[in-house]
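Undergrad: One structure, pasted below without further comment.
Read the figures in this text as sums done on the coordinates, not as results from a lab. Worth saying up front: this structure is predicted, and the values here are computed from it rather than measured. Every residue, glycine as well, gets a Cβ built from its backbone with ideal geometry; the counts of neighbours run over all protein chains shown.
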C-alpha cells in the first residue's frame with residue numbers, strides 16, 4: 001500500500017549500481033556527494049574497462065580509496081555492515097566495479113585481489129569479444145568461453161557479483177546458466193521497448209530474474225529512446241521490466257559519467273571511434289544524480305506500492321549483495 005495522506009514516508013536506500021568518474025587519480029571524488037539523500041545512498045564507481053591493465057586499476061584504487069577514506073561524506077564498503085553504517089551516519093557508501101575482465105589479465109586470482117580492494121561487480125566483456133565471451137556490439141556472439149565459465153565460478157566463490165551489461169545476448173544467457181548465485185544487468189535498458197544493441201532482450205531479463213538477480217535500468221538517453229534521458233523515459237523502461245519480471249527484479253543504475261562534456265567532445269571530434277547507434281543523435285544526454293533522486297516521487301505517483309518502490313530504489317540490489325558478497 002502507498003502511504004496514507006499526511007503520514008511520513010519510510011526512508012529508502014538509493015543503490016546506484018554504476019556511475020563513472022574520470023579514470024584519473026585526481027578525479028573529482030566529491031561529485032559523488034550529489035547522490036546524498038534521506039534514507040542513505042550506495043554508489044558503485046567504475047575503476048576500469050577493456051583497455052586497462054591490472055597495474056592501472058591497482059593504482060587508481062589506491063589513490064581513490066585513500067581520498068574517499070579521508071572524506072567524511074563517504075564510507076568505503078567491505079560488506080553490507082558498512083552500507084548499513086553509512087546509512088545510519090548519513091554518509092554515502094562507496095564500492096567499485098570493473099567493466100571488462102581485461103584487467104584480470106587472465107589471472108583468476110585477481111578476482112580475490114580486486115574484491116579485497118572493494119570491487120564488488122565485474123562484467124566479463126565490454127561491447128566486443130574477449131577471452132571471456134562476446135560483446136553486445138559483435139555481429140555474432142559466440143557465447144561464454146571456457147575461461148569465461150571459470151571466471152564465473154571464481155566470482156561465485158569469492159562473492160563478486162556477475163554482471164551481464166555490455167555483454168552479447170548469448171553470453172548474457174550463458175552467464176545466467178553458469179552462475180550459481182544471483183547475477184545482474186547493472187546498467188541496461190529494455191530492448192523490447194527501444195531497440196539498441198546495448199539494451200537487453202526479454203529472454204535475458206527473464207533468465208537474470210530466474211537467478212534471483214536484478215536488471216538495473218540506466219539513465220543514458222540513447223538507451224532509453226531517441227536520446228531521451230528524462231525521468232519519464234526511465235520510468236517507462238522500469239514499467240516494462242516490472243511487467244516482464246516483477247518489481248523484485250528491477251533496480252536503477254544511471255551510468256552517469258561525471259566527465260560527460262569531455263565524452264561528448266570526443267564523440268563529436270572522433271565519430272569513427274563509435275558505432276552509428278552512438279553518434280546519430282549528437283551529444284548524448286545523461287540523467288544526472290539530482291534527477292535520479294526524484295524517482296521515488298515518480299514511482300509513487302504512478303501507483304507503485306511502498307514495497308516495490310523500496311525494492312526498485314535500492315532494496316533489490318541490496319538483496320543481491322546479501323546473497324552474493326562474502
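Undergrad: Build a GNM of the chain with springs between Cα atoms under 10 Å: which of 237, 52, 25 gets the top mean-square fluctuation?
TA: 25
Undergrad: Quick one: among 200, 92, 284, which has the greatest mean-square fluctuation in a GNM of the chain with alpha-carbon springs under 10 angstrom?
TA: Looking only at 200, 92, 284, the biggest GNM fluctuation is shown by 284.
Undergrad: Sticking with this structure for a sec: Which order do 84, 109, 100 fall in if you start with the one that has the fewest other Cβ atoms within 10 Å?
TA: Values: 84 14, 109 9, 100 23.
Ascending number of Cβ neighbours within 10 Å: 109, 84, 100.
Undergrad: Now, a different point. Could you give log10 I(q)/I(0) at q = 0.10, 0.17, 0.22, 0.23 Å⁻¹ for the range 173-277, computed by the Debye formula over C-alpha point scatterers of equal weight, without solvent?
TA: Each listed q corresponds, in turn, to -0.30, -0.78, -1.11, -1.17.
Undergrad: Could you state the per residue volume, in Å³, of the convex hull enclosing the Cα atoms of the range 72-196?
TA: Details: hull volume 14.9 nm³, N = 125.
In the range 72-196, the Cα convex hull volume per residue is 119 Å³.
Undergrad: OK, next. Rg and Dmax of the range 53-146, using alpha carbons, in Å: what are they?
TA: That works out to 15.9, 48 Å for Rg and Dmax.
Undergrad: Moving on. Can you run the Rg to Rh ratio on the chain? Use alpha carbon positions and the Kirkwood inverse-distance Rh.
TA: On the way: Rg = 18.2 Å, Rh = 19.5 Å.
My calculation puts Rg/Rh at 0.94.
Undergrad: Also: For the chain, what is the mean residue ellipticity at 222 nm derived from helices alone (per DSSP H run of n ≥ 4: -39500 (n - 2.57); sum divided by total residues; nearest 500 deg cm²/dmol)? Intermediate results must be reported in sequence, preceding the final value.
TA: Details: 14 runs with 123 residues, N = 326.
Value at 222 nm, helices only: -10500 deg cm²/dmol.
Undergrad: OK, next. Between residue 322 and residue 146, what is the spin-label point distance in nm, taking each point 7 Å from the Cα along the Cα→C-beta axis?
TA: Once both label points are built, they end up 4.0 nm from each other.
Undergrad: Roughly what would the spin-label model give for residue 266 and residue 84, points 7 Å off Cα along C-beta, in nm?
TA: That separation, rounded to one decimal, is 4.0 nm.
Undergrad: Compute the length gained on full extension between residue 139 and residue 297: take 0.36 nm times their separation in residues and subtract their Cα-Cα distance, giving the result in nm to one decimal. Display every interim value, and only then the final one.
TA: Values: separation 158, 0.36 × 158 = 56.88 nm, distance 4.03 nm.
Full extension of this stretch gives 52.8 nm more.
Undergrad: Taking the chain as a Gaussian network, Cα atoms linked when under 10 Å apart, which of 287, 190, 160 shows the biggest mean-square fluctuation?
TA: Of the options given, 287 has the highest mean-square fluctuation.
Undergrad: Just report the Cα centroid separation between the range 72-89 and the range 245-319, whole Å.
TA: Cα centres, the range 72-89 to the range 245-319: 23 Å.
Undergrad: Still on this structure: Quick one: of the DSSP bridges fully inside the chain, what percent are antiparallel, nearest 5?
TA: Values: 2 of 31 bridges.
Beta bridges within the chain, antiparallel portion: roughly 5 percent.
Undergrad: With a 10 Å Cβ neighbour count serving as the proxy for reagent exposure, in which order, fewest first, do 186, 176 appear?
TA: Details: 186 27, 176 21.
Listing 186, 176 from fewest to most nearby Cβ atoms yields 176, 186.
Undergrad: Which order results if 98, 273 are arranged by neighbouring Cβ count within 10 Å, fewest first? Please list the in-between numbers first.
TA: Values: 98 27, 273 10.
In order of increasing Cβ crowding within 10 Å: 273, 98.
Undergrad: In addition: By how many nm would the segment from residue 206 to residue 230 lengthen if fully extended, with 0.36 nm per residue of separation less the alpha-carbon distance?
TA: Contour length minus Cα-Cα distance gives 6.1 nm.
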